[in-house]
Amino acid sequence: MINFSILGSFELRTRQGVWVPRGPKVRRLLALLLLRPGQVVDIDTLAEELWDGAPPRTVVATIRTHVYHLRQMMAKESGEPGLADLLTTEPTGYQLQVTEDQVDVRHFQRLVADGRTALVAGRTAEAAHLLREALGMWRGAPLTNVPLGPVLTRHVAHLEEKRMRAMELSVEADMRLGLHRELIPDLRGLVASNLLNEWFHARLIEALHLSGRRGEALLAFRDLRRVLHEELGLEPSAELQRLHHEILAAAG
């Protein structure tokens, strides 16, 4: 099985080992095709990615040349001679004919969707397992070894949003399972890396409170209030205000 990895450094894994195409434009071209597996990526989209609004006059011929070089690399360097045949020329652009199972992004998205469905259906332990598996696929920021143009930049931002939502669902599942103490270290890390995300702050405060650490929960609320005031001139959300009052009432 040939597998393409995007959630971290960009690479192709085959029976022969790991392969990464040479050349920044060729790498961007293949990455963009992989983010739309089985779909035609049109010439205008490729041009926007490769030249950011300032394509050469010979844009079609130049893209054709990059595709030719990519096919040559796929055939001679990847260790999978038949790989080049998966890259097809279509009337309006190019298409990489791989299945969704071969691209880690698609596998991640399917696991998250299944995890969300299980959570809604009340199958909490199953949801937690699926979501942990999905998040475990991330090896770092997407396409870390690819110089991103505007189209790939938008794709990466979209993937980061998907990852954030998967984290929220995973935390929600673990909270429902009563894993409040176990979640505290991870929630502290999430808060530290997402200072303005009030949802993560709320879950940390809630987990501390439910673990009998009310003093730390109140300190966490105070820290959030300070950050919001200094950065945005705002007060915590109504949900956090209610949670704060609940903790104060319990402490009294």
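A few remarks follow.
- Sorted into 10 angstrom bins from 0, the C-alpha pair distances of the chain split as 7, 25, 25, 19, 14, 8, 2, 0 percent.
- Of all accessible heavy-atom area on the chain, the percent that carbon and sulfur account for (1.4 Å): 52
- Taking all protein chains together and a 1.4 Å probe, the residues Ile63, Ile43 rank Ile43, Ile63 from largest to smallest accessible area.
- Between the alpha-carbon centres of segment 107-124 and segment 14-81 there is a gap of 33 Å.
- Alpha-carbon spread of segment 17-153, three principal axes, descending order, Å: 57, 34, 28
- Paired Rg and Dmax values of segment 30-100, which use every Cα atom, in angstrom: 12.2, 35
- Average accessible surface for the chain: 50 Å² per residue, computed with a 1.4 Å probe over protein heavy atoms with every protein chain in place.
- Basic side chains Lys and Arg get +1 at the Cβ, acidic Asp and Glu get -1 at the Cβ, and with that the dipole of segment 111-252 about its Cα centre reaches some 140 debye.
- Between the Cα long axis of helix 59-76 and the first principal axis of the chain there is an angle of about 90°, rounded to the nearest 10.
- Probe 1.4 Å - accessible area at Glu231, Å² to nearest ten: 120
- Overall form of segment 171-252 per C-alpha gyration tensor (a/c, 1.5; a/b vs b/c): oblate
- Whole-percent pair-distance distribution, where bins are 10 Å wide, for the alpha carbons of segment 107-252: 11, 34, 33, 19, 3, 0
- Since only Ala121, Thr58, Gly23 are under comparison, the one whose Cα sits farthest along the positive direction of the charge dipole of segment 8-134, derived from C-beta charges on Lys, Arg, Asp and Glu, is Gly23.
The values are calculated or read from the model by the stated rules, or taken from the named source; none is laboratory data. Nothing here was measured: the structure is a model prediction, and the numbers come from that model. Please note: Cβ atoms are built from the backbone with ideal geometry, for glycine as well, and neighbour counts cover all protein chains shown. These accessible areas exclude ligands, DNA and RNA; they are computed on the full protein's heavy atoms, side chains included. Shrake-Rupley method; radii C 1.70, N 1.55, O 1.52, S 1.80 Å.
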